[in-house]
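The values are calculated or read from the model by the stated rules, or taken from the named source; none is laboratory data. None of these values were measured; they are calculated from a predicted model. In this analysis, Cβ positions are derived from the backbone assuming ideal geometry, glycine residues included, and neighbour counts consider all displayed protein chains.
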Amino acid sequence: MTAEQTSYAPFLLFYLLTGIRFIGMMFTAPVFYASALPLPVRFWMAFFFTLAAAGSLQTDVPLILFDDWTSLVLLATRELLIGSLLGFLAALPLYVLQISGELIGISMGLSMLSVMDPLSQVQVSIIGQLQFLVGMWFYFRWNGHLLMTQAVVESLKLVPPGKLALSISWDLGLGAWLNQAFVLSLRFVLPFYGAILLADVGLGFLARTVPQMNIFVLGLPLKVALGFFVLMVVLPVTVELMAENMERFIEFALMGVTAWR
């Protein structure tokens, strides 16, 4: 390796590892991995994000890594996992909205009705897809994609690339992440469960007082109409709650990333 190549080697390696971290975030964060966004566009976005972010950071990657392909592959895998973990954990409110929509659809009697999700190309509940798309729109409206990109830049300061550390903490924050997802999903679903329970009690009294009426035929459209009415009332409050905790979710994702130091 010549002297000129040696002088440029740390910069090239640092930019490569930083770009891999951005690529990992873009292939796991729902705001970037949409199927309508072509792969070349995502790679070019990662390239320009890397140029914008890595210029203000220190490029102290050891040159010895160029002589050992095993360590270089391990470093690239580490950066890809860090970016993927950050994009996955930071999208907690969107996953919560989708999970709560699945539970709401079951309570409304729409568990057998599903649509194709254009983002993940899988069958999902229609209410879950509705809440997910509404949450996605407000996520862009409140610059959640910019906050997620800024979180990757902050992770470069907390966990600098180029440090080959094999001792990784097993506490990546997934347990707390699942706990938060379950609690928030219940908070979104409880109004629907309460309304459906009151409707079932009313239909039970109606079945006892007017036995000639077919409650099974009346109950299904009543639950669907009641569910959409409650959704119309509760969804704005749900979105406001997501906006209040969006930065906290991203900070939570950064705490999970620090386990790779």
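For the stretch 242-258, state whether one or more residues are touching a residue at least 12 places away in the same chain (Cβ under 8 Å), in a helix (DSSP H, G or I) and more than 20 Å from the chain's Cα centre (by Cα). No - not one qualifying residue is present in the stretch 242-258. Restricting attention to the stretch 115-147, the residues that are at pLDDT below 80, hydroxyl-bearing (Ser, Thr, Tyr) and either under 21 Å from Pro38 (Cα atoms) or within 14 Å of the chain's Cα centre (by Cα) (or both) add up to 1. Residues in the stretch 202-241 that are more than 26 Å from Ile126 (Cα to Cα), assigned to a helix (DSSP H, G or I) and among the aliphatic types (A, V, I, L, M): Leu206, Ala207. Screening Leu39 on (1) at pLDDT below 80; (2) closer than 30 Å to Met232 by Cβ; (3) among the hydrophobic types (A, V, I, L, M, F, W, C) shows it passes everything except condition (2).
Hey, any hits in the stretch 75-93 for a residue that's part of a helix (DSSP H, G or I), hydroxyl-bearing (Ser, Thr, Tyr), over 16 Å from the mean Cα position of the chain (by Cα) and at pLDDT 80 or above?
We begin by selecting, within the stretch 75-93, every residue part of a helix (DSSP H, G or I); these are 75-90, 92-93.
Cutting the leftovers down to hydroxyl-bearing (Ser, Thr, Tyr) gives us 77, 84.
Now drop any that are not over 16 Å from the mean Cα position of the chain (by Cα), which leaves 77.
Filter once more, so that each one left must be at pLDDT 80 or above: 77.
Yes, there is a match, as at least one residue in the stretch 75-93 is part of a helix (DSSP H, G or I), hydroxyl-bearing (Ser, Thr, Tyr), over 16 Å from the mean Cα position of the chain (by Cα) and at pLDDT 80 or above.
Looking only at the stretch 207-241, which residues are among the charged types (D, E, K, R) and surrounded by 15 or more Cβ atoms within 10 Å (Cβ to Cβ)? The one that is among the charged types (D, E, K, R) and surrounded by 15 or more Cβ atoms within 10 Å (Cβ to Cβ): Lys223.
Restricting the stretch 212-241 to residues that are of a type in the set (S, T, N, Q) and over 30 Å from the mean Cα position of the chain (by Cα) leaves a set whose member that is nearest to Val201 (Cα to Cα) is Asn214.
Residue-wise test of (1) modelled with pLDDT of 80 or more; (2) closer than 26 Å to Phe252 by Cβ; (3) surrounded by 17 or more Cβ atoms within 10 Å (Cβ to Cβ).
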| residue | (1), (2), (3) |
| --- | --- |
| Pro161 | no, yes, yes |
| Ile168 | no, yes, no |
| Leu172 | no, yes, yes |
| Asn179 | no, yes, no |
| Leu186 | yes, yes, no |
| Val189 | yes, yes, yes |
| Gly194 | yes, no, no |
| Leu198 | yes, no, no |
| Phe205 | yes, no, no |
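Listed by first and then second residue, the pairs with beta-carbon distance under 7 Å, at least 6 apart or on different chains, first residue in the stretch 5-21 and over 22 Å from Leu85 (Cβ atoms), second of a type in the set (S, T, N, Q) and modelled with pLDDT under 80, are Pro10/Thr59; Phe11/Thr59.
Tell me, please, whether a residue that is hydroxyl-bearing (Ser, Thr, Tyr), under 17 Å from Ala90 (Cβ atoms) and at pLDDT 80 or above can be found in the stretch 148-157. Please lay out each step first, then the result.
So the first thing to find is which residues in the stretch 148-157 are hydroxyl-bearing (Ser, Thr, Tyr), and the list is 149, 155.
Next, from what is left, pick out any that are under 17 Å from Ala90 (Cβ atoms): 149, 155.
Now narrow it down to the ones that are at pLDDT 80 or above: 149, 155.
Taking every residue of the stretch 148-157 in turn, at least one turns out to be hydroxyl-bearing (Ser, Thr, Tyr), under 17 Å from Ala90 (Cβ atoms) and at pLDDT 80 or above.
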